[in-house]
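Okay, so here's the structure we're looking at.
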Amino acid sequence: GAGVSQSPSNKVTEKGKDVELRCDPISGHTALYWYRQSLGQGLEFLIYFQGNSAPDKSGLPSDRFSAERTGGSVSTLTIQRTQQEDSAVYLCASSPQAAGELFFGEGSRLTVL
Amino acid sequence: RKEVEQDPGPFNVPEGATVAFNCTYSNSASQSFFWYRQDCRKEPKLLMSVYSSGNEDGRFTAQLNRASQYISLLIRDSKLSDSATYLCVVNSPAMRFGAGTRLTVKP
């Protein structure tokens, strides 16, 4: 069956540009997470969507970061006015329940020049 | 204080060794605990859940100490294929990851 799909797999952009990263979760999964992982570092929590509840945005590092989840399915993470320190792998994960196993996509590698 | 703290290692052990990882968490209301494994340049994958009474899966044993707010993972008879980064995960209520502990098992 289809797993979590993320696009683009690689994105190179110039400082100051906006980028959008997309996540297609596993069908029927109610929970969706975005994480950021810099080289050699752990997973930094960004945002969490659970069903129709208000998202937990407590991990977003600045107001340049935002995310939405349309129709309880596809999610888009937007980074405005990108900075070099935004360079990282952005991982999306979905889960069939609030505190269940996370299924990860392969990530979107963002490089800001 | 970070939500989830984990010894970053690295741990370098010979084949057949027993190795233990610990992880502490700050939210006493947390109810769900996991260990994930991440291979180099790959996404994390669930290794095992951690139950209150402790649980075992082959060579792997996970334990939870709610009073001290830590979880542990024990790997017995380590194999070369166990080389990876091990991440503890705690719901708080969003799923929060520790920084990961890198394990290298050498022949």
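Given the options B:A17, B:A84, B:A29, state which has the largest fluctuation in a GNM of chain B using a 10 Å cut-off (strictly under) for Cα springs.
B:A29
In peptide A:54-64, what is the residue-averaged number of other protein chain Cβ atoms found within 10 Å of each Cβ? Mind dumping the intermediate values first?
Details: counts 0, 1, 3, 1, 2, 3, 0, 0, 0, 0, 0.
Mean partner-chain Cβ count within 10 Å for A:54-64: 1.
Using only atoms on other chains, find how many Cβ atoms lie within 10 Å of each Cβ of peptide A:103-112 and report the average.
Working: counts 4, 7, 1, 3, 3, 0, 1, 0, 0, 0.
Mean partner-chain Cβ count within 10 Å for A:103-112: 2.
Per-residue Cβ counts within 10 Å, from other chains only, averaged over A:30-42: what number is that? Write out the running numbers ahead of the final one.
Details: counts 0, 2, 0, 3, 0, 5, 0, 5, 0, 0, 5, 3, 15.
Per residue, the average neighbour count from other chains is 3.
Can you classify the stretch B:42-107 as rounded, prolate or oblate using the Cα gyration tensor, where a ≥ b ≥ c are the square roots of its eigenvalues, rounded means a/c under 1.5, and otherwise it's prolate if a/b beats b/c and oblate if not? Don't jump to the answer; show the numbers that get you there.
Working: a/c = 2.17, a/b = 1.38, b/c = 1.57.
Here the stretch B:42-107 falls in the oblate category.
How much accessible area per residue does chain B have, in Å², with a 1.4 Å probe? Don't skip to the end; give the middle numbers.
Details: 5320 Å² over 107 residues.
Spelled out: the 1.4 Å probe surface of chain B, per residue, equals 50 Å².
Compute the signed sum of charges (Lys and Arg +1, Asp and Glu -1) over the other residues within less than 11 Å, Cβ to Cβ, of B:S78.
Numbers: positive: B:R59, B:R76, B:K79, B:K106; negative: B:E15, B:D77, B:D82.
My count for the surroundings of B:S78 gives +1.
How far is the Cα center of the stretch A:57-98 from the Cα center of the stretch B:31-107, in Å?
25 Å
Which semi-axes, in whole Å and largest first, does the equivalent ellipsoid of the stretch A:12-60 have when worked out from the alpha carbon gyration tensor as the square roots of 5 times its eigenvalues? Working shown, then result.
Details: eigenvalues 104, 41, 30 Å².
So the equivalent ellipsoid measures 23, 14, 12 Å along its semi-axes.
How long are the semi-axes of the equivalent ellipsoid of chain A, defined as square roots of 5 times the Cα gyration tensor eigenvalues? Whole Å, largest first.
Numbers: eigenvalues 102, 41, 32 Å².
Equivalent-ellipsoid dimensions as semi-axes: 23, 14, 13 Å.
Relative contact order (percent) for chain A, with alpha-carbon contacts under 8 angstrom and 6 or more residues of separation? Provide the component values of the computation, followed by the final result.
On the way: 274 pairs, mean separation 43.4, N = 113.
Answer for chain A is 38 percent.
Count the DSSP beta bridges whose two residues both fall in the protein assembly as shown, then state the antiparallel fraction as a percent rounded to the nearest 5.
Numbers: 66 of 74 bridges.
Here the antiparallel bridges make up roughly 90 percent for the protein assembly as shown.
At a 4.7 angstrom Cβ threshold, list every cysteine in chain B that has nobody to pair with, or say none.
Taking the Cβ cut-off of 4.7 Å, the unpaired cysteines of chain B are B:C40.
Restricting to lysine pairs 8 or more places apart or on different chains, what number in the protein assembly as shown have Cα atoms under 23 Å apart?
The result is 9.
Count the DSSP beta bridges whose two residues both fall in chain A, then state the antiparallel fraction as a percent rounded to the nearest 5. Display every interim value, and only then the final one.
Values: 32 of 36 bridges.
Of all bridge pairs located within chain A, approximately 90 percent are antiparallel.
The values are calculated or read from the model by the stated rules, or taken from the named source; none is laboratory data. None of these values were measured; they are calculated from a predicted model. So basically every Cβ, Gly included, is an ideal-geometry build from the backbone, and we count neighbours across all protein chains shown. All accessible areas refer to the heavy atoms of the entire protein, side chains included, with ligands and DNA or RNA removed. Shrake-Rupley method; radii C 1.70, N 1.55, O 1.52, S 1.80 Å.
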